[in-house]
Amino acid sequence: MLTQPPSLHVICGKIAAGKSTLAAELGKAANTLVIAEDDWLAALFKEQMSTGQDYMRLAAKLKTVMGPHVAAILRSGVSVVLDYPANTVEFRRWMRDVATAGKAGSIIHVLDVPDEVCLARLKARNSDGAHAFAATEAQFRQFARHYQPPSAEEGFDEIRLVESFRT
């Protein structure tokens, strides 16, 4: 029986672009596991996270543990969807290194969603209270300033989705 080699799926999109929604959909595929950064950060560090700087520090700490863990999962033959924001070249480089260490392919799903749509979704998500973290509009804008769209040179197979994928 021939099986597909595992893949690391990463998702690029601003806050409230639909990364977690897409991750959940991708995670429905056979032999695929979703690992959500927000779930781990909330479980381990929620009381320590109140600023963007806190997020950056604690997310970096989480990466040091999750990188080898995800690579081991990939080497076992299971595909992984990283529900992490693949929004900077540096962060995507780490993700590519994880895929390489896991001897897996790497696919980037790019959510091309306008800021005003993300902000409307963020407002709804915050009032809903179902998300582990309630980012403010100021935090959205702070993180959006650092957003870097991926380029072909980064080595991912790219799938680009527009805002309508979620509606």
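What to note about this one:
- Exclusive hit being polar (S, T, N, Q) and exposed (fewer than 15 other Cβ atoms within 10 Å of the Cβ), set S20, S76: S76
- Test set (1) over 23 Å from A43 (Cα atoms); (2) in contact with a His (Cβ under 7 Å, 6 or more places away or on another chain); (3) not basic (K, R) - V89 fails condition number: (2)
- Only one of F45, F91 that is modelled with pLDDT under 95 and surrounded by fewer than 18 Cβ atoms within 10 Å (Cβ to Cβ): F45
- Residue that is nearest to T136 (Cα to Cα), among those in the stretch 1-59 that are of a type in the set (D, E) and under 11 Å from the mean Cα position of the chain (by Cα): D38
- Condition met for L82 (modelled with pLDDT of 95 or more and closer than 21 Å to K46 by Cα): yes
- The condition of being among the basic types (K, R), farther than 21 Å from Y55 by Cα and over 17 Å from the mean Cα position of the chain (by Cα) does not hold for K123.
The values are calculated or read from the model by the stated rules, or taken from the named source; none is laboratory data. Just so you know, these numbers come straight off a predicted model, no measurement behind them. Here the Cβ is made from the backbone with ideal geometry for all residues, glycine too, and neighbour counts use every protein chain on show.
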